[in-house]
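A quick write-up on the structure given underneath.
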Amino acid sequence: MSPDFDVVVLGSGPAGEKAAMQAAKLRRRVAVVERPGGLGGNCLHTATIPSKTLRETVLYVAGIKQHSLYGIQTTFRKDVTVDDLMRRKEAVIAGQLEVLEHKLDRNAVTSIQGSGRFLDPNRIEVIDEGGRRELGAHFVVIATGSRPARDPKIPFDDERIYDSDSILRLDRVPRTLTIVGAGVIGCEYACMFAMLGTKVTLIDARARVLDFADAEIAELLVARMRDHGITLRLGEEVAEVRCETPDRVVAETRSGKAVVGEKLLHAVGREGNTAALALERAGLKAGRRGLLEVNAHFQTALPHVYAVGDVIGFPSLAATSMHQGRLAMAHAFGVPVNGEGTRLPYGIFTIPEISMVGETEEQLTRACVPYEVGQAFFREIARGQIVGDRAGMLKLLFERASHRLRGVHIIGEKAAELVHIGQAVLAFGGPVDYFVDNVFNYPTLSEAYKVAALNGLNRL
Ligand SMILES: Cc1cc2nc3c(=O)[nH]c(=O)nc-3n(C[C@H](O)[C@H](O)[C@H](O)COP(=O)(O)OP(=O)(O)OC[C@H]3O[C@@H](n4cnc5c(N)ncnc54)[C@H](O)[C@@H]3O)c2cc1C
């Protein structure tokens, strides 16, 4: 007997949505299972969208601060809640939900509300308040995302000690905040709260922040963080966290330091949402932190069960999750795709933002590739001066002999947008000469590509 669906997708975040859409475009019968109120994924409700909406407000406030230097009087209410600062969140979520529902509908994807789990390798049980339902499927896509990892030794109460989901429910902007974990989320929140006037201390056991980024860019970010008044305690492991009074949380480090803050955000990694999937009934097993292991085509140990997005771990970004969803379904139905070997861009929305694509200096050095560096500083570019970005920098890494572009690393205004120009040249295997030989609009930040290319070629 033919199963009910060709594909059942568990989870409707960026990974699940794109897997469903790809399969539907191939005219397969697709169902997406999502928990009540969860359509759009954590991405829409607790992660990317709320945090980037908050950031937008923060940038506005920061801009106001800058303008006050020029004599424009501004005020910023001190009793403002984090929710106040995310006012636009509801409108953005509603808009995105409408688009998603319309897309699913137009492409005849069946949307099923409830929590899904395996009954056997080809059958999914969906449980909802209204009862249970069984779905048979040729292929299953696990796109159930992740949640903040909660260390049992940390006394989370979501009133003084928060994780990266509950921090968005802060009743007001705290005067002091300790953040444990200088990964992407920890660094992003450190910058946002610092711009709101909170005194932030950022602690991490690792000796540097964002260890996957180019070291020079990470150093520039650290310098900017210090300018914003953030205290960094790197190479320090937190041994204990305790609440002493209603507005005094102490984080004690192994080296004996006591970092005191009014609130504490514990942002030390995330774990895959696999515990409720009854994986054992399908003969599958999750690994460390509940993450699933997959091969290059996103197949789990069972070839007809794919896993995509945060549930498979790094890089755990919305954009990469979408790409994985699409590639998985293209593989399942034997459709050739371009882009399997694509170098993924990373956008990190610290203040200033960071973006990168391709290799870092450290990776090229390890691989013994003779390379040259070309740099452009935004303070030397007309647009950079107009927008007042004095710390921005764009850096190109290219092979000395062939001039082939190998990496693009940017810190500063619009970094996450600018990186895509370099990404295109990288994808086509082009040389840095492209940037010299072509004309860029003026005055734009894109001009930094030409300046950096000339700078690098002059060094040869
Ligand atoms: C604070 C924060 C900021 C971020 N900022 C950015 C950013 O700026 N840019 C960026 O690219 N990425 C960002 N990310 C990462 C991004 O949000 C994730 O990479 C992305 O959401 C992963 O998509 P996904 O589809 O794998 O899972 P999710 O978006 O987590 O969605 C998974 C869905 O599966 C559902 N689900 C789980 N279990 C079941 C089940 N048993 N049955 C049915 N449904 C189930 C969940 O309800 C959820 O809706 C951020 C993350 C955080 C935490």
Helix-only CD estimate at 222 nm, as mean residue ellipticity for the chain, using -39500 (n - 2.57) per DSSP H run (n ≥ 4): -9500 deg cm²/dmol
For the chain, fraction of C-alpha pairs farther apart than 38 Å, in %: 31 percent
Share of carbon and sulfur in the accessible heavy-atom surface of the chain [1.4 Å probe, %]: 51 percent
Förster radius 30 Å - calculated FRET efficiency between Ala424 and Arg254 (Cβ-Cβ, nearest 0.05): 0.05
By average C-beta atoms within 10 angstrom, highest first, the peptides 25-32, 287-294: 25-32, 287-294
Probe 1.4 Å, protein heavy atoms only - accessible area per residue of the chain in square angstrom: 47 Å²
For peptides 179-185, 380-386, sequence by mean Cβ density within 10 Å, most packed first: 179-185, 380-386
Three-way shape label, region 141-260, alpha-carbon gyration tensor, a/c 1.5: rounded
For region 130-145, Karplus couplings with θ = phi - 60° (6.51, -1.76, 1.60), whole Hz, Gly/Pro x: x, x, 10, 8, 10, 10, x, 8, 5, 10, 10, 10, 8, 9, 8, x
Added length on full extension, which subtracts the Cα-Cα distance from 0.36 nm per residue, Leu302 to Val335: 9.9 nm
Centroid-to-centroid separation of region 158-220 and region 417-433 [C-alpha atoms, Å]: 31 Å
Global form of region 177-237, assessed from the alpha-carbon gyration tensor, a/c cut-off 1.5: oblate
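The values are calculated or read from the model by the stated rules, or taken from the named source; none is laboratory data. Given the structure is predicted, the values throughout are model-derived calculations rather than measurements. Every residue, glycine as well, gets a Cβ built from its backbone with ideal geometry; the counts of neighbours run over all protein chains shown. Accessible surface areas use protein heavy atoms only, side chains included; no ligands, DNA or RNA. Shrake-Rupley method; radii C 1.70, N 1.55, O 1.52, S 1.80 Å.
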